[in-house]
Amino acid sequence: MSLAELAKRARENKGKSGAKPVAKTDKKPVGINRTNYEFDYNINRINVEKFAQAKLFLTQDIGEHYGEVSTIIERGHEHEFHAPDHPTQEEWNDPETGFLTQVQYKSDVSEHAKSRYNYESKRTQAWHFILSKCTTAMKNAIKQDPEWTNWERNKNTLQLWLRIVDVSMNGTGVPEDEDKKINEARFKFDRVFQRSTESVGEFYERFNILYSAMVNQGARLYQIFLPEDLDAEALIEQRAAAAVREDRMKALSFLQKLDKARFGGLIDELENALERGRNEYPNTLVDAYAMACRYKQNGVLVDGLLKPRADQYHAAMTAPAKAESKEPAARKGPVCWTCDAPGHVQKDCPLHKKVIDYYKKASKNSKEVKEELRKQFSFVSIGKAVQKFAMVEKDKRPFSENDVLLDNEASVSVFNNKNLLSNIRKATYPVTVNGV
């Protein structure tokens, strides 16, 4: 759920009785992370980006510790539990399967009740966790609500969170001028650009947060003005067309905000193509992100140039490289690409042959290969040895049908068996894979 929708839900939930304004301070927003984030009363107009980041971190923490309670933070409503359907009278009284049907139904009902009980218990615990992430100023603003006593008595986590959203987004004092609010939101977003030390992925996440913050303030890249006399069908069509335009402008804005030192050539190529009659500009933000990730100059990914090559590549298994020889390079002779040892090339490397032989054996996993080779060689780089075999013909490939080729920071991971993939979708927050 976007910040705009969440803020709207909080406003709808707000009671008619207004809360008294709280004195504001000039506290400057600072960078936050998952260990130091908090909700402060002063972020409602000063730094909506900070609230968006804090909400993301809170969603992750609540999901990790309290499971389904994260629905409250992410969606602004309670997690829904659906009771099992009661069997029909015929199924219930069937002489052959009726008994099993009754047992199964009672088991489902018991499991449903257990799930709801666990949810209620975790929701109460989440109340204290969420409140601990509020500053003193935020707590004071929350407690001014006339319903605070009831919320605290019942540990109503949903109402607590909606109140935090309402205070953060709308404040507790006199509402500010809408036009001024929209103008300031657009001004802040227009000043956003990719940093020279920022990868495309990092900027993509920051861009989304800042865009959500702008939309929450009432501003959009494509402002639509709808006549009041439009019928329902025409209104739906106009809004759908505006949504398409908004997505396209968001994609173009992302490209224009990329670091010009690295991606200036990409913009030039798109403009040149348009002059030749080919419109290759992306229509969605995801397309723009993919285009930036894949952009190459002189055959090298531009996004990969952000870090030194040693930091880019993480082989499946590595060991510390040998210390450089003090012998002049002219006297070293050929150097093996696999083991970095002088005196032979890769096709004659015993390590290279050993790696491929072991990978061809289905009974050998990466750990077993690593341990076996360490007994014979001081330097092991499995990734280099098998890298060139990833795309060869099936009968020569040293992988089984169910192997997956992964690499840290890779744009594409290779799946040999497409049946291993299902339900592919964009994650709502970053996903980390460990132990590979």
Which ³J(HN,Hα) values, rounded to whole Hz and listed in residue order, are derived for the range 109-123 from phi using the Karplus coefficients 6.51, -1.76 and 1.60 in 6.51 cos²θ - 1.76 cosθ + 1.60 with θ = phi - 60°, glycine and proline given as x? 5, 5, 5, 5, 5, 5, 4, 5, 5, 4, 5, 4, 5, 5, 5
Non-local residues with an amide H under 5 Å from the amide H of residue 134, with H modelled 1.01 Å from N and Pro and chain starts lacking one, are 39
Diffing the range 209-216: the Karplus 3J(HN,Hα) column from phi (6.51, -1.76, 1.60, θ = phi - 60°), in whole Hz with x for Gly and Pro, holds 5, 5, 5, 4, 4, 5, 4, 4
In nm, what is the difference between 0.36 nm times the number of residues separating residue 196 and residue 90 and their Cα-Cα distance? 31.2 nm
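Checking the table 106/143; 155/188; 139/181; 50/260 against a 32 Å threshold on Cα-Cα, which pairs fail?
From the list (106/143; 155/188; 139/181; 50/260), the Cα-Cα distance tops 32 Å for 106/143; 155/188.
What's the local net charge at residue 97, with K and R +1, D and E -1, over the other residues with C-beta under 12 Å away?
Working: positive: none; negative: 90, 91, 94, 96.
For residues surrounding residue 97, the net value is -4.
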Excluding residue 119 itself, what net charge comes from residues whose Cβ is under 12 Å from its Cβ, given Lys and Arg +1 and Asp and Glu -1? 0
Modelled FRET efficiency - R0 22 Å, residue 232 with residue 12, Cβ distances, 0.05 increments: 0.50
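May I have the convex hull volume per residue, in Å³, for the Cα set of the range 184-306?
On the way: hull volume 15.4 nm³, N = 123.
Normalising the Cα hull of the range 184-306 by residue number yields 125 Å³.
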Quick calc: nm separation of the 7 Å Cα→Cβ label points for residue 38 and residue 287 -> 4.5 nm
Among residues other than residue 83 whose Cβ falls under 13 Å from its Cβ, what is the net charge (Lys/Arg +1, Asp/Glu -1)? -1
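So if each residue of separation counts as 0.36 nm, and I subtract the Cα-Cα distance between residue 256 and residue 182, what length gain in nm does that give? The partial results should precede the final answer.
Values: separation 74, 0.36 × 74 = 26.64 nm, distance 2.15 nm.
Extra length available between residue 256 and residue 182 comes to 24.5 nm.
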Pulled fully out, how much extra length does the chain show between residue 121 and residue 419, if you take 0.36 nm times their separation in residues and subtract their Cα-Cα distance? 103.4 nm
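Which order do peptides 57-67, 219-229, 262-272 fall in by mean Cβ count within 10 Å, highest first? Don't jump to the answer; show the numbers that get you there.
On the way: 57-67: 17.8, 219-229: 11.7, 262-272: 14.5.
So the peptides 57-67, 219-229, 262-272, ranked by packing, come out 57-67, 262-272, 219-229.
Could you tell me the ratio Rg/Rh of the range 112-241? Both radii from Cα atoms, Rh via Kirkwood. The partial results should precede the final answer.
Numbers: Rg = 20.4 Å, Rh = 18.8 Å.
My calculation puts Rg/Rh at 1.09.
All of the numbers you see were taken from the coordinates with simple rules; none came from a lab. Everything numeric here is computed off the predicted structure, so don't read it as measured data. Positions of Cβ are backbone-derived with ideal geometry, glycine not excepted, and every protein chain shown enters the neighbour counts.
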